[in-house]
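Chemist: Okay, handing you the structure first.
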Amino acid sequence: MTVRIPRSVLVGLALLLGLALATLAIVRALGHVAAAAGPGHTTISQSTVITRMDAVAKLVTSETTVRDVVLYENTRLGSTKRSLVVVTGKAMVGVDLARRGGISIDEAARRIVVRIPHAELLGLDITDLRTYDERRGLWNPFRPEDRDTILQLARERLASAAREMAVREHAEESARQLLAALFAPDGYTVDVQFEPFLAPAPAH
């Protein structure tokens with residue numbers, strides 16, 4: 001059984017915070033570019049696109065609170081110990097703009113195409129772990145290694161719950177809006193294409 005805080009509240013708050021921080025970074029980045037370019041027609045280069053994306057690379061994220069239940073059982077010598085634990089954590093889901101797949105610029109159409117990876121789970125912090133029912137076995141008491149296993153199971157359950165929520169879609173939509181706002185003052189539209197991230201092949 002999974003108990004979750006309403007998505008609309010969490011996602012809405014994360015969007016407002018993310019966009020506020022992103023707007024501040026955009027204003028600073030555009031201020032530097034405008035000062036260097038001066039008045040008139042602005043031409044965007046790949047280095048400019050990379051610089052602006054790097055300035056906001058850590059801001060395209062969504063944070064949500066996740067809660068789940070972990071039922072742990074272990075049987076030894078015919079004796080079973082059980083533990084019912086409710087775990088709460090904060091999941092950070094985002095788009096890593098630094099791992100972009102490529103950038104292309106159509107100056108005539110004033111259009112920028114950016115290929116970036118899909119949103120993924122970037123971090124997970126357990127904020128609360130409460131045991132509501134714990135029964136030791138007659139010859140099978142709880143040991144430190146049982147606590148370690150329960151903690152690992154809790155992290156896995158929270159990560160799974162976070163991936164099932166709509167946080168990933170929200171983070172990707174935030175990335176679209178952020179990149180569009182980043183270049184709109186220069187008269188460019190941005191086409192964001194999400195694609196699987198392929199790690200570089202190991203060097204031989």
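Read-outs throughout are calculated quantities, based only on the coordinates presented, and are distinct from any laboratory measurement. If you're wondering where the values come from, they're calculated on a predicted model, not measured in any experiment. We place every Cβ from the backbone using ideal geometry, glycine too, and count neighbours over all the protein chains shown.
Chemist: Which of the trypsin sites (Lys or Arg not before Pro) across region 42-109 are loop residues per DSSP, with 15 or fewer other Cβ within 10 Å?
Modeler: When the trypsin sites (Lys or Arg not before Pro) of region 42-109 are filtered for loop state and at most 15 Cβ neighbours within 10 Å, K58 remain.
Chemist: Right, next: At a 10 Å Cβ-Cβ cut-off, how would you order S174, S45, fewest neighbours first?
Modeler: Least crowded to most crowded, the residues run S45, S174.
Chemist: Let me ask something additional. Starting from region 102-153, pick out the chymotrypsin sites (Phe, Trp or Tyr not before Pro) whose DSSP state is loop and whose Cβ has at most 12 other Cβ atoms within 10 Å.
Modeler: Of the chymotrypsin sites (Phe, Trp or Tyr not before Pro), the ones in loops of region 102-153 whose Cβ has at most 12 other Cβ atoms within 10 Å are W139.
Chemist: Can I ask one more? Per 10 Å bin, what percent of the C-alpha pairs of region 65-204 does each bin hold, from zero upward?
Modeler: P(r) over region 65-204, rounded to whole percents: 11, 27, 21, 17, 13, 7, 3, 1.
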